[in-house]
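Here's the structure we're looking at; comments come further down.
The values are calculated or read from the model by the stated rules, or taken from the named source; none is laboratory data. Since we're looking at a predicted model, the values are computed, not measured. Here the Cβ is made from the backbone with ideal geometry for all residues, glycine too, and neighbour counts use every protein chain on show. Surface accessibility is based on the protein's heavy atoms, side chains included, excluding ligands, DNA and RNA. Shrake-Rupley method; radii C 1.70, N 1.55, O 1.52, S 1.80 Å.
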Amino acid sequence: MQPDPTVRRVLIHRLGSLGDTVVALPCFHLIARVFPNAERRLLTNFPVHAKGPASAAVLGNSGLVHGYMRYSAGTRDPLELLRLVQEIRRFGPDLVVYLMHIRPWKAIRRDRMFFRLAGVRRIVGIAEEQEMKFRFDEATGLFEREPFRLARLVAKLGDADPANLANWDLMLSDGERETASEAVRALGDGPLIVCGPGTKMPAKDWGPENWQALLGRIDAKYPGHGLVLVGAKEEFGVAEHAARLWRGPWVNLCGNLAPRETAALLERARIFLGPDSGPMHLAASKGVPCVIAFSAASPPGIWFPYGNNHQVVYHKTRCSGCYLEKCNVQGHPCLTSISVEEMEAAVDRAMNGQDGIRTLTVVA
């Protein structure tokens, strides 16, 4: 689709965390291409006690959006909703691009009515109920990945082309790259293995002892690599524990780098190790092979990292697709059944440049 100069203001609606923003990058790029002269604002949720949204930590000064509107996810406060209606009316968008995650059809219809109330006459991204859902590929046993679902829903604007790595460009600055380089300068110029073992969701936690054992084996098998641990500052202790058997050079940067600086660091990584997480999606956006101990809380495929060069270890159990943040099944079988040996074999495949997602059905 050719650039549309008639649209002056675009409001993009996407809630979620860092990973939710990263997987929408191809759509952000599409919107910027089609409406290069429009003011583009993102309606999103702001974390508690934060002045800016998680999405700003990903998009930064990329120019993909020019500002943010605050939305309190799940709010039913009439005054809060009225404030937002008035803010949207003042902005006066010619178009709303709806990039929301899967929601009940009733909630989607409510969102559409809300935007109509706010004076919006054109919405792209809301289709028939069945079209909003993830498609399932019987040949692979995987569900459609979120970037491709979003691209399909906004296809009226053009081809977001999530299969093209160029459409995942974060447009990092020289300063962000310099900060990342300085953070690992002590490790020298050798190849780097980056690990983000922490997670805020217990249902995704493979366990610090497992990461420690895995990293010890990797260090012994692949000498000459530096280890970099990344994540939030709350995950610093988990990362320290995970690195105890690493005898080569390593540095714990949890809490020391912003997400975009972490992305700059990942440009130097040979592989990334971790659970389903924001850093995983950042690594995938840079084309870095990811080796992931993947929780079965979501159905297989939906949140797998972009690209085909990853090794995702996913054990499908009877309780797969629970969407729980904290597992309520005794033993947490989908993750505890993933062995260190299985992850080590996945690392070997990734280090040797093999493609492929490995899944295993486990009765539990």
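List of remarks:
- The chain - percent relative contact order, Cα under 8 Å, separation 6 or more: 15 percent
- Share of pairwise Cα separations in segment 41-132, more than 21 Å, in percent: 35 percent
- Here the label points at GLU344 and THR6, each 7 Å from Cα along the C-beta direction, are separated by 6.4 nm in the simple model.
- Loop sites in segment 1-101: trypsin sites (Lys or Arg not before Pro), DSSP, at most 12 other Cβ within 10 Å: LYS51, ARG76
- With one equal scatterer per alpha carbon and no solvent term, the Debye-computed log10 I(q)/I(0) for segment 155-213 at 0.26 1/Å reads -1.02.
- For the chain, the solvent-accessible area of protein heavy atoms averages 45 Å² per residue (probe radius 1.4 Å; ligands and nucleic acids excluded).
- Spacing of the two label points (7 Å from each Cα toward its C-beta) at ALA163 and ASN308, in nm: 0.8 nm
- For segment 10-18, 3J(HN,Hα) computed residue by residue from phi via the Karplus equation (6.51, -1.76, 1.60; θ = phi - 60°) reads 10, 10, 9, 10, 8, 9, x, 9, 4 Hz, glycine and proline entered as x.
- Theoretical gain in end-to-end length, GLU178 to ARG217 [0.36 nm per residue, Cα-Cα removed]: 10.9 nm
- FRET E, pair GLU234, ARG121, Förster distance 41 Å, beta-carbon r, rounded to 0.05: 0.40
- Remark on VAL291: its backbone amide H falls under 5 Å from those of PHE272, LEU273, GLY274, GLN311, a criterion applied only to residues 5 or more positions apart or on other chains, H modelled at 1.01 Å from N.
- Gyration tensor (alpha-carbon) shape descriptor, segment 176-258, a/c threshold 1.5: oblate
- Placing unit charges on the Cβ atoms only, positive for Lys and Arg and negative for Asp and Glu, gives segment 91-160 a dipole magnitude near 420 debye about its Cα centre.
- Taking 25 Å as the straight-line reach from the Cα of LYS156, the lysines in range (excluding those fewer than 8 positions away in the same chain) are LYS106, LYS133.
- Where chymotrypsin sites (Phe, Trp or Tyr not before Pro) fall in DSSP loop in segment 244-329, at most 11 other Cβ within 10 Å: TYR323
- Along the axis of the charge dipole computed for the chain (Cβ charges of +1 for Lys and Arg, -1 for Asp and Glu, origin at the Cα centre), the listed residues ALA258, ASN210, PRO147 are led at the positive end by PRO147.
- Pairs of Cα atoms nearer than 8 Å and 6+ residues apart set the relative contact order; for segment 1-143 it is 26 percent.
- The simple spin-label model puts a point 7 Å past each Cα toward its Cβ; for HIS101 and LYS156 those points are separated by 2.5 nm.
- You can think of it this way: the chain between THR75 and GLU39 has 10.3 nm of extra reach, that is 0.36 nm per residue less the Cα-Cα gap.
- Every Cα-Cα pair in segment 206-311 was counted, and those over 19 Å apart are 43% of them.
- Relative contact order (%) - criterion: Cα under 8 Å, at least six apart; region: segment 202-259: 41 percent
- Full extension of the segment from ARG89 to MET201, taken as 0.36 nm per residue of separation minus the current Cα-Cα distance, would add 36.7 nm.
- Cβ charges +1 (Lys, Arg) and -1 (Asp, Glu), total dipole of the chain, debye: 1340 debye
- Cα gyration tensor shape of segment 290-351, rounded if a/c is under 1.5, else prolate or oblate by comparing a/b with b/c: oblate
- Based on the reciprocal of the average 1/r between different C-alpha atoms, the Kirkwood radius for segment 115-187 equals 16.1 Å.
- The chain: Rg to Rh, with Rh as the Kirkwood radius over Cα pairs: 0.97
- Portion, in percent, of the accessible area of the chain that falls on carbon or sulfur, probe 1.4 Å: 52 percent
- Taking amide H positions as modeled 1.01 Å from N, with prolines and chain starts lacking one, the residues under 5 Å from TRP250 and 5 or more places away or on another chain are LEU227.
- Once the GluC sites (Glu not before Pro) in DSSP loops with at most 10 neighbouring Cβ atoms within 10 Å are cut out of the chain, the longest remaining piece is 139-364.
- Prolate/oblate/rounded label for segment 83-211 (Cα gyration tensor, a/c 1.5): prolate
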